[in-house]
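Notes follow once the structure below has been shown.
The values are calculated or read from the model by the stated rules, or taken from the named source; none is laboratory data. Here the structure is a predicted model, which means the values were calculated and not measured. Note: ideal-geometry Cβ built from the backbone for every residue, glycine included; neighbour counts use all protein chains shown. Side chains included, ligands, DNA and RNA excluded: accessible areas come from the protein's heavy atoms. Shrake-Rupley method; radii C 1.70, N 1.55, O 1.52, S 1.80 Å.
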Amino acid sequence: VLELLRAVQRGSEDRKRSLGRLRWALQNKETQQKFVRLDGSIRTLIGIFTSSLADMQMEAARCLHELSHSSDPAVAEACLPVTSYLLTYLSGHSVEFMELCLYTLGNLVIESEAVRKQLLPQGIIPVLASCIQSPHEAVLEGLGYVLSQLLQAKEAPTEIIPLVLDSVLPQHMLRLVCSGLKAGIGAAVEFAWCLHYIVCSHTANAALLSLGALPALTSLLLDLASEIPQDAPEGLELLVCPVLRCLSNLLAEETGCKVQIQDERLLIALFLILQCFLQQHPFIVQECLWLLNNLTADEPFFCSALLSLDLLPALLQLLPCSQMASVLVLTVLCNIAEKGPAYCQQLHRQPALPLLLPTLALPDPEVVGQCLELLHLLFLHWPEAAADFVMQGGHQALEQHQSTPELQERARALLDMVGQPLGASTFSPCHTTLSAFS
């Protein structure tokens, strides 16, 4: 490595070849650490990186990019002197060179708070804002990568997100996400995650709602669902996931925003997505169920629509998918049952009770506990369900939980209810909106 550095410093005829060999060597973790400790190493690379020879610039940029992959903060901090040049070169250079600069910046900000603290005063946010109208997908994807890394930093809510909100970035990010597959799925995915990280800070939701984030993302989800039965592009689940999370978290805020999206097509879209990704990408199931829960938590519109569109059987089929899916399906059913007798009557008409009996036999206290919540609401609002439950052997299913410490009180209360269907109980309904995964 020292010989390569000397060859580069001497400016010999094979300097470009030496840089190429150095780039290959810098893929090794130990070599990266040794290189930055060599006297004048970074200074030499910066000298070539800022030279007027385009091919040499590109080779130096590739060496810096390899260094940026290091997980050692000391290597990232050794690269501090190059950050201002990386920002400068984000305008007026080739697409490939800009892309390389962007990914180098993104890698550096992951590992080092010192790098982030230097980049903010250098104006990284305004520079990125000026790049976001680039017509090149590769540049946009790299830009999204840098932003997503910045927005995940521990200081993002106080130091970075306010700067982002004061720029044109949010409206353009929303535009690029909602252009979906037209702008290229890679860029759309990166910016969707950026929006997700902003939403998770909870301080920016009013600003995003004022930009029309809720109807825009809802419309995007409808468009994505319409693509699924035809020829869904590879990686579509990577875009669907952050879009679902953004919607879920926006709905979890007490902003009254649910009123803005009373569109039953959203439920159809959710179940199409569920059907498409159930086998290959089961993690999407719980994302859809988080959103479904937040849609039905306080809003009768979506509870009624779910029943009138005959989507309940499809929902019940998700009960055995996973522990989390079981809890969320039961929570959605609780949201519906909590709306009163008419809703409980419809739940009773569907084959819900036969499916709840095997659920009560599961060894998971959280799943069983949520099932008991649902039974309470059904028995409270529609006593006929309690009589049916007993006829199907439900009494014995409840008795087995009388010795489980966290379940025994609720199990006994339900046993009292099936004996006296109109009696009061100590239960309280479970119908809260849930913030999706952050």
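Worth a mention:
- For the chain, adding -39500 (n - 2.57) for each run of n ≥ 4 DSSP H residues and dividing by the number of residues yields -21000 deg cm²/dmol at 222 nm.
- Using θ = phi - 60° in the Karplus curve 6.51 cos²θ - 1.76 cosθ + 1.60, the 3J(HN,Hα) couplings for segment 355-369 round to 7, 6, 4, x, 5, 5, 8, 6, x, 8, x, 5, 5, 4, x Hz; x is entered for Gly and Pro.
- For the pair GLN171 and GLN152, label points projected 7 Å from Cα toward Cβ lie 2.9 nm apart.
- Pair-distance distribution P(r) for the chain, from all Cα-Cα distances in 10 Å bins starting at 0: 4, 19, 22, 18, 15, 11, 7, 3, 1, 0 percent.
- Spatially, segment 286-348 and segment 113-188 are offset by 36 Å when compared through their Cα centroids.
- With θ taken as phi - 60° and the Karplus curve 6.51 cos²θ - 1.76 cosθ + 1.60 applied, the whole-hertz 3J(HN,Hα) list for segment 57-69 is 3, 5, 5, 5, 4, 5, 5, 4, 5, 4, 4, 5, 6 Hz, x standing for glycine and proline.
- With 0.36 nm allotted per residue and the present C-alpha distance subtracted, the LEU238-GLU264 stretch has 6.9 nm of extension available.
- The accessible surface of the chain, taken with every protein chain in place and a 1.4 Å probe, is 52 percent carbon and sulfur.
- Segment 120-256 - accessible surface per residue (Å², probe 1.4 Å): 37
- Residue separation of SER179 and GLN280 scaled by 0.36 nm, minus their Cα-Cα distance, works out to 33.8 nm of gained length.
- Averaging the sequence gap over all C-alpha pairs within less than 8 Å and six or more residues apart, then dividing by the number of residues, gives the chain a relative contact order of 9 percent.
- Inverse of mean 1/r across different Cα pairs in segment 346-389, Kirkwood, Å: 10.6
- Calculated from backbone phi, Karplus (6.51, -1.76, 1.60) coupling profile of segment 334-341 in Hz, x at Gly/Pro: 5, 4, 5, 4, 5, 6, x, x
- Reach of LYS154 by Cα under 20 Å, taken over aspartates and glutamates that are not fewer than 8 positions away in the same chain: ASP72, GLU77, GLU111, GLU113, ASP166, GLU190
- Helix 265-277 and the long axis of the chain differ in direction by around 70°, with both axes built from C-alpha atoms.
- Inter-probe distance in nm under a simple model that places probes 7 Å from Cα toward Cβ, at ILE228 and GLU96: 4.0
- For the pair GLN400 and ASP72 in one chain, pulling the backbone fully straight at 0.36 nm per residue adds 112.6 nm over the alpha carbon distance.
- Put a dot 7 Å past the Cα of LEU357, heading toward its Cβ, do the same for SER84, and the two dots end up 7.6 nm apart.
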